[in-house]
Structures are given as structure tokens and as C-alpha cells.
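All remarks here apply to the structure that follows.
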Amino acid sequence: MQSEFRLPALGADMEAGTLVEWHVAPGDRCKRGDVVAVVETDKGAIDVEVFVDGIVRELLVPPGTRVPVGTVLALLDTEAPAPAPEMVQAPPRTRAGEDAGEAIQQRVKISPAARKRAQELHVDVVSLRGTGPEGAITVQDVERAGPSPQPSPASVGEGAAGMRAAIAAAMSRSKREIPHYYLTTTVDVSSAVDWLAAHNAAVPVTERLLLAALLLKAVALACRDHAGFSGFHRNGRYEESPVVHVGVAVALRGGGLVAPAIMDTATKPLAALMDEFRDVVARARAGRLRASELAAPTIILTSLGDSAVETVLPIIQPPQVAIVGAGAVAERPWIVAGRIVPRQALTLSLGADHRVTDGRLGAHFLARIAGLLAEPAKL
Amino acid sequence: MNREQLPRRVLELVTAIAPDVEADSVIPGIAFRDQFDFDSMDTLNFAIALQREFGVDVPETDYARLASLDQCVAYLAERLA
Amino acid sequence: MTTPLRITYREAVKQGIRGALLADPRVFLMGEDVGRYGGCFAVSKGLLDEFGEERVRDTPLSESAFVGAGIGAALGGLRPIVEVMTVNFSLLALDQIVNTAATLCHMSGGQFPVPVVIRMATGAGRQLAAQHSHSLEAWYAHVPGLRVVEPATIDDARGMLRVALASPDPVIVFEPISLYNMEGDLTDAAAHVRLEGARVHRAGSSVTLVTYGASLWRCIAAAEVLAQDGIDAEIVDLRSLRPLDDATVLASVRKTRRVVIVDEGWRTCSLAAEIGQRIVEQGFYDLDAPIARVCTEEVPIPYPKHLEDAALPGCERIVDTVRRLLGHAV
């Protein structure tokens, strides 16, 4: 049977992309997960994977073409029905006659004008709350959720300005829709710092670890222990992700930010995490991330440890529900058993979605991260 | 290794780690971090590159001595001597 | 520009008829009680004295006969204005209007146009009960070969008759009973009114109220109430019910994206239904809410005042409907 390979939305803020290069030609066989195309987006050049096994029948979009999200880029012949992509949200489609009753029940109540506007702005209407009659989604609801109604040159173009517009859209939506609560705690990470120094002194330079790798692992393990922080809030409800993919916020030197995922973070040993972390930072800065990495994060870690910043109050990337921040490690006076001693202190912070969790749960989650960092050898 | 070539070779390593940095624009006396946000990941990659390029194993405790191009050249000259 | 003259709707209609009688010797007025009695709604009072029995003619109490006579006069080269008291009584003349007036020009390949103007009162609001109060405009708007207009303003009441008489087609002019006593300004615009085309009576951005006839003034009242809530209603006065001016309606819908059609006719098979369907056909993707209708309750118009008021598409019902459409609590 035939399968359509569409331009995926690499996060809620992406509207369109420019196809830069095909890695396959008609007749080529490809497997699920193969990179078949390179697409230039607000987040840089992204390697886009295919989600089915099959043979390329036809390439529909020539390199150099800018197309909206959801455009069919190529047709593939597959043997089995195409499984739905796990990470990348393709625009929902309903096939006539197939579970019609169920489809009608789940149908979003949205006005024709709002639906048209949502297509123009590439707004996912499923996550919107309608303010029209009978709770229907109206044009105003769509425009509130979407990027600016009049596309400015900045939001249309790729590159730094495009990325800035994309960040603006995502963060504005986050602050509009997500009732954030913030918690911070300053913890003694001397044992982690000491353990790292000892480890790094003992291994070849290529095997050295950064504190961020420990943080990644600690966040991932804490997510496994505490529900409500790793998943997506969509369509008015929260779904916990069965697998934790911690995204790591990578600042780009020219300005801007991307947060690719370290896939299945919780199960990987520190050495593997560090290798992937190094690889993903290099590719983020070279503009060669994979589509799946950008759409996958179930929670993000943002570390400003290389600056003098003590505390970061991070903003959630929708549709995620939590983000963990880490400031710089600094030597501070600490009271241990009644005596003031110098200790390596780190301020951890949590921005979380009050629709899903409350401060008490957030406090437990943050304490769990701190607890894990206190025993670095077990990470 | 020719002592005169050292700054240029180091600069090549820096720009390989930070491809968006123009080699000509790097000011030798100012810290990489202050010039183009060199972070801990960059520093680690830089240490790996120095090991590969010059066979010099820079311990973490010496990272502070790699901060600028001038400091780095001086440090390498000392280690390679 | 002259200072606007404050007159009643009745006076405006009368001036229209008088102007036509003065301007063209082929024009004459005929109908029940239009002469000596001065018209059952006193529209033609004084015209018999001014123009004489030749041109202001009382007819027997037989709608079919005198409408047919009017059609014959039009075929013979005259320009008759036939007054039928109310749309309810015009049903007795339906055969003449639908089978003769509307068809002859078409059946004769254009050789026999029927330039008759048939005026009739329409609608409720004066406690005239079920046999004198109905709004059957949609019946006539259904028929090809007819033109159907309904002046709702003083200017249109004054100016539409002149252009109706100039039309080669039979024109049905509906005059809302409840508007005869309404006072308003007669302006220079009355001299330039057109027979066709809707008009945006009040510009707005939140919702479009499409209406005609007496309901125009209910919509204006509703718009004033809604404006206090910050809801800026645009009002489209259809003016011509056949042909309908889709372009003006759709331009407004594209702007406001929401429509309430206010129609004194009954909802079932109404003009409101036709207008709504045209909006769906041509402007579906511009709609941000379902099309709503406020029509007369589906009962023969009651005689008691409170029941008559309750049956009509009043200001309060319009306001509630608009609020619901905008997602406001009602």
C-alpha cells in the first residue's frame, strides 16, 4: 500500500520548512528511522526521518522549495499499514467510513473560519479551548494560540530572526496557556563535584563527564519515580510519556536556543549519555539536528551553569508540563552539624504546569533530583 | 612543532569547535568565554582536540589556563617544551 | 443640500405616489378605498381631490379583478399603481400576480412586459389579528418574473415607487403596517434610491444582522443595547427581496464572520432560510459561528398585544441570540 511522507511539525511553533536535500531517490528502499531528507527550519537544518519501511515511489517536492507543515513530500510503497509516528505529530486525518461514529464524537467543535485560519497558522486545534457558542473554537481562539496573525518577515524567514520568532511564539503561548508554578532549592552538590573531579582525573580526556550529564540522568530518574512531569498536556488532558526523553536546552552562539532530546535518558549509563549529549550539542550548533530529536522531549533541562547565574526560572515548552533549571555551581558557606563549612552549592529550579501537578508534588520531584545528585556513583 | 605556528594551529582547533567564530576576529588576550560564549562543553571538546592534536593531556585542574588564545599558547609551549 | 424634512413613513409613501402621478400622465392609483376613504391606512388621503377619479380609482372588493385590471392596464401602456390592503388579501390575487403578471413577458419572448406596481401592507404590530398581520414576502420572493422590494426607511418609502414604476417587470412593494406612523428624516438621498441592492444601514465588526422591513428598527434597537456590551453589530437592510443582493451580505459576513438573520416571516421556508443557505454556499469558510435566525413564532399572529409582541422577532430576542452567538452568557 501507499504511504505519504509529510513534513512533520518539529514542535508546536513550526509553520513551514524549506526542503534542502533528498537523501533518497525513487526506487530506494528505506527503513523506519532512516534520514531521508534535510529540511531548513527555524531551528536550523533538520534531518528528517521516515516512519515506515518501504520503497520510495516518488519525490513530490524538489529541493529549494518552502512548504507548510503537513505537506506530502514523497510517496512510499509500504507492505504494512503505516504506523503512526510516535514522536512527530502529523496533522490528524480521518478516512471516510472508518470508525465514523467515533470520529464524529472526537470531532473538534470549531467554526469553518477558525479551521481555515488554523490551517494558515498551523495551529493544532486539538489543544485549543473554544470560547464561541457551545465552546466552539473561533478565529480569535486560533489567533490567540498561533503566531502573529500578520506574518512578519521575521516569522516567515529561517535563520536567527526566524528562530527568535519561533521562540517568541512558543514562549508566548506557554505563558498564555500554562499556569506555571516555580520552585527552587539550593543543594549541596559537593559530593557530585568531587566525584566528577575524581572520575575525570582517572579517565582519558575523551571519557570525561560534565555535571550536566549527571543532571540529565538525575532528572530522568526522578521522572520515572514521580508522575506528572514527563509528558504532554494536549486536548485538555495530561498524558504521561511511557519513556522519559530529557531535552537539553542548547544555546546557540548567534543567539537562539534549541532543546533536542537525549532519547530514553533514564536507561542509559552516564558514559553513553555524555557521548550523546556531546553529539547533540555539536549538531545543534552545526544546525544538523534530527526531526525526532526536536519533537521528542518529554521534559527539558536548562542549565546556565557556565554563567554566573544562580537561579533560572524556566518557561515550559508546550505541550510539555515541566522544565528543570540549574544555575552555576559556586562555593558557599554551608552549615554542617552546627559548623560553617565551604560547600559546592547549586540552585535547582522547577517550572511546572499547575494543571497537572501542585507545589507539593513538585517539591518531592525536586528533592528527588537533589537526592540522586547526592549519590553520583549510583547514577 | 614550530613555536610560530602554534597560535594558528590552536586557533584552527577553536574554530573547529565553534564553526561560527571567525578566526580573524579572535582577540588573543581576551578569554574565549567572554568573546564567544565558550562553555564547559566547548572547553571539554577543546581539551580533547589538544590531546588529539598535540598529545597533551590537559587535566581539568588546568582548564583555567586554556581561557584565552595567549594563555593557551603559553600553556602548550610549557607542556610541549 | 437641503435641511432634512421630518415626516412620517405614511407621508413619504404618499409623496412617492403623488410625485409619480405628477411626473407621468400614464401613472394612476387603483384599489379598495384609495379614493374617497383616502386609503385604508390613509396613505392616499387628498389624492382624489388633487388628481380626480380618472387617476385615483376606487375598485370593487375583488382583489383578483382589480389586480387583473392593473395588469391589463400595464399591458396597454399605462403605469398602474395597484394597492392591495394587506398581503393576506393579496392571496386572492395570487393567480393574477403569479400566473399572469410574472409570466407574460417571458412567455411572449419579451414582447409584453407588465410594468405594474402592486403595493400592499405587510406585517404585524398594530393588533390587526391573524388575517391582517402576516408577513408573506417570501411567497412572492419565490417567483421568477417578479421584483419584490420592501422599503424600511423614509427615503426608500419616498423614492422606491418612482424606480419601481420605471421597471419593465411587475414590482411588489411591501409597506410594513407598523412603520406608517414612524417619523424620520426625508433627505436628498430619496431622489437617488435604487430598486435593487441591499444597504449597510449601520457599520459594525462583531456580528452581521441581516434584515428587512420593520425588523430593521428592531435590529437598530438591539444594536444599541449590544453596543453597551461592546458588541459592534453591522446591520444590512436587504431592501430588495427579489433579487437578493448576495454580494453585500457576504461582504459583511466576511468582515464580521457571524450572522443573525432577523425576519418577520415564519422560520419554516422563510427568506431567512434562503439567505442563510446562500451564506453557507458562498461564505462557509468565513463563518466563525453557526448562522442564527430570529423569526416570528410559528403561530397565526395573535390579537392580544402581549401575545403579538411575544410572537414577533423583538429586540430582546435579537440581543439574546447575538450574545449566545458570541459565546456570552445570556
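No lab work stands behind these numbers, since they all come straight from the coordinates. These numbers come from a predicted model, not from an experiment. FYI the Cβ positions are ideal-geometry reconstructions off the backbone, even for glycines, and counts take in every protein chain you see.
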Percent antiparallel among DSSP beta bridges (both partners in the protein assembly as shown, rounded to 5): 60
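Based on DSSP H runs of at least 4 residues, each adding -39500 (n - 2.57), what is the mean residue ellipticity at 222 nm of chain A after dividing by all its residues, to the nearest 500 deg cm²/dmol?
Details: 10 runs with 113 residues, N = 379.
After summing the helix terms and dividing by residue count, I get -9000 deg cm²/dmol.
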Using a/c under 1.5 as the rounded threshold, could you call the range C:199-325 rounded, prolate or oblate? The axes a ≥ b ≥ c are square roots of the C-alpha gyration tensor eigenvalues, and prolate needs a/b larger than b/c, oblate otherwise. oblate
So for the range B:6-80, averaging the separation of alpha carbon pairs under 8 Å that are six or more residues apart and normalising by length, what relative contact order in percent results? 38
Report the per residue volume, in Å³, of the convex hull enclosing the C-alpha atoms of the protein assembly as shown. 247
Please report, in debye to the nearest 20, how large the charge dipole of chain B is about its Cα centre when each Lys and Arg carries +1 at its beta carbon and each Asp and Glu carries -1 there. 320
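Using only the alpha carbons of chain A, what is the convex hull's orientation-averaged projected area in square nanometres?
21.1
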Which of A:Lys217/A:Lys378; A:Lys116/C:Lys255; A:Lys109/C:Lys255; A:Lys116/A:Lys175; C:Lys14/C:Lys305 have a Cα-Cα distance over 18 Å? A:Lys109/C:Lys255; A:Lys116/A:Lys175; C:Lys14/C:Lys305
Over all directions, the average projected area of the alpha-carbon convex hull for the range C:5-192 comes to how many nm²? 9.8
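When only Cα pairs under 8 Å and 6 or more residues apart are kept, what is the percent relative contact order across chain A?
So the answer I get is 17 percent.
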The local net charge around C:Thr321, scoring Lys/Arg +1 and Asp/Glu -1 for residues other than C:Thr321 whose Cβ lies under 11 Å from its Cβ, equals +3
Which order do C:Phe284, B:Phe32, A:Phe229 fall in if you start with the one that has the fewest other Cβ atoms within 10 Å? C:Phe284, B:Phe32, A:Phe229
When A:His122, C:His134 are arranged by how many other beta-carbons sit within 10 Å of their Cβ, fewest first, they go A:His122, C:His134
Along principal axes, largest first, the alpha-carbon spread of the range A:2-77 in whole Å comes out as 31, 21, 17
In degrees rounded to 10, the 0-90 angle between helix C:246-256 Cα long axis and the longest Cα principal axis of chain C is 20
The range A:179-378 shape via C-alpha gyration tensor axes, a/c threshold 1.5: oblate
Report the charge-dipole magnitude of chain C in Debye, nearest 20, computed about the Cα centre from +1 at each Lys and Arg Cβ and -1 at each Asp and Glu Cβ. 320
Could you give the size of the charge dipole of the protein assembly as shown about its Cα centre, using +1 on the Cβ of each K and R and -1 on the Cβ of each D and E, expressed in debye and rounded to the nearest 20? 620
Against the longest alpha carbon principal axis of chain A, how many degrees, from 0 to 90 and to the nearest 10, is the axis of helix A:112-121 turned? 60
Shape category assigned to the range B:6-80 from the gyration tensor of Cα positions, a/c cut at 1.5: rounded
May I ask you to derive the relative contact order of chain C, considering only C-alpha pairs under 8 Å and at least 6 residues apart, and to give it as an integer percent? 16
Value at 222 nm in deg cm²/dmol, rounded to 500, when DSSP H runs of n ≥ 4 in chain C each add -39,500 (n - 2.57): -10000 deg cm²/dmol
Provide the net charge surrounding B:Arg79, with neighbours chosen by a C-beta distance below 11 Å and charges set as Lys +1, Arg +1, Asp -1, Glu -1. -2
Summing +1 for each Lys or Arg and -1 for each Asp or Glu, what net charge is found among the other residues whose Cβ lies under 10 Å from the Cβ of A:Thr71? +1
Kindly express, to the nearest 10 degrees and within the range 0 to 90, the angle between helix A:211-225's C-alpha long axis and the longest C-alpha principal axis of chain A. 70
